[in-house]
1. Let me see the P(r) profile for the chain: every Cα-Cα distance counted, bins of 20 Å, each bin given as a percent of all pairs.
2. For a quick check: sort 261, 126, 243, 13 by the number of other beta carbons within 10 angstrom, fewest at the front.
3. Compute the acute angle (0 to 90°) between the alpha-carbon long axis of helix 10-21 and the principal axis of greatest extent of the alpha-carbon atoms of the chain; round to the nearest 10°.
4. For an R0 of 30 angstrom, estimate the FRET efficiency from the Cβ-Cβ distance between residue 233 and residue 80 and round to the nearest 0.05.
5. Please report the equivalent ellipsoid semi-axes of the range 55-196, computed as sqrt(5 x eigenvalue) of the Cα gyration tensor, largest first, in whole Å.
6. Work out how much length residue 69 to residue 333 would gain on full extension: take 0.36 nm times their residue separation and subtract the Cα-Cα distance, in nm to one decimal.
7. When the Cα centres of the range 213-283 and the range 120-145 are compared, how far apart do they sit, in Å?
8. Per residue of the chain, what 222 nm ellipticity follows from adding -39500 (n - 2.57) for every DSSP H run with n ≥ 4, rounded to the nearest 500?
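Rule-based calculations on the coordinates, nothing more; no lab input. The structure displayed is predicted, hence computed values, not measured ones. Neighbour counts run over all protein chains shown; Cβ positions are idealised from the backbone, glycine included.
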Ligand SMILES: Cc1cc2nc3c(=O)[nH]c(=O)nc-3n(C[C@H](O)[C@H](O)[C@H](O)COP(=O)(O)OP(=O)(O)OC[C@H]3O[C@@H](n4cnc5c(N)ncnc54)[C@H](O)[C@@H]3O)c2cc1C
């Protein structure tokens, strides 16, 4: 059985791995000249089953309205005439009630837990080295409201059986001594000791080496132009290098999935832009020790070997890939407000990328209306966390073997009953 996968980011490569292990002959096509040049390149690097919740939540409308008055705030929405944008916002609103939020969060947590277990197994099995760090994630808090919210999250995590610890400011400094020189006042933190961080781009490069060695054919500079279907089946993919025929096809095209699939399925996957900078650490002891996510500024700081990755912002502005100099300056300021003078920010690599976001937060894994076409996309802010589990689940669906978790909440067909 020959499967052709479109896209060589986290979803494409992990899907290729598990499908190949299950006996498929695998071809991957990728329009770029290398793996991981989409969202999988410069993300925040955090793998978290505990800080895993949809953005559509009670209070979302208030946050969205406030964002219009804070153009340099973490969230920026540029309203447009795009039907995709309006449909996405409408569905996000529909999903922001307390009961829906709770259900969506449960679905995301289940996949994240499964995925992180698979990630640990895979990295051990292949002995992959990609600057992984298992020092936990620390959610830092700057207001009393955030502290109260963290207390509720702490109780929720303990209820789920996950280790988590509330820290007062002095305990936070023991864990992150570098913050002693911070200009910020922390009210405390929530530390999740069992979480990890790692460089997903390095992971993709390492995994692609194993794929190629195992016989997977990765074709770079090959653009999918159209899906040629007949009746209930895909006949071929029209690409910039000609037609590609296979028995089955998997779309792992991240934020570009909605436009590419629009003739087949109206998917509300919106490209939500984020920024990062990656810099060499110059003072290791005073730099970040765990991985930090700041609840107030919505910025994350992770450490990959001798490099630091600072990530922030969510912009709804279509596929505008321009790097805004003000946003990059903000990233530098946010780093130095925490760990001043500990990294060579002047020569940092700057990046922006598009999170493939669904309105409810859960990704899209499984079949489409065409019998031999499958999807694995829509992982939004948590694609690194969910990659291995999603790919494994997709493989179970495609091979008709029992799924490790209920696949229904992740079905790409969940929107077919809705008006487009
Ligand atoms: C700023 C930011 C921070 C993030 N932080 C985290 C984090 O801390 N933790 C976490 O778990 N997740 C995080 N994420 C999310 C995670 O990075 C994504 O969910 C994940 O990378 C998506 O992987 P993907 O393979 O679906 O998409 P991508 O990596 O974007 O891959 C899609 C691929 O499809 C290719 N493609 C598209 N169209 C075509 C075509 N027509 N023909 C051929 N190829 C095509 C693209 O070139 C691309 O290589 C973050 C994302 C961003 C943007």
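1. 27, 60, 13, 0
2. In increasing order of surrounding Cβ atoms, one gets 243, 126, 261, 13.
3. 50
4. Values: r = 35 Å, r/R0 = 1.17.
So, using R0 = 30 Å, E works out to roughly 0.30.
5. On the way: eigenvalues 174, 111, 59 Å².
Here the semi-axes work out to 29, 24, 17 Å.
6. Details: separation 264, 0.36 × 264 = 95.04 nm, distance 2.09 nm.
Contour length minus Cα-Cα distance gives 93.0 nm.
7. The distance from the Cα centre of the range 213-283 to that of the range 120-145 comes to 28 Å.
8. Values: 10 runs with 134 residues, N = 420.
Result for the chain, helices only: -10000 deg cm²/dmol.
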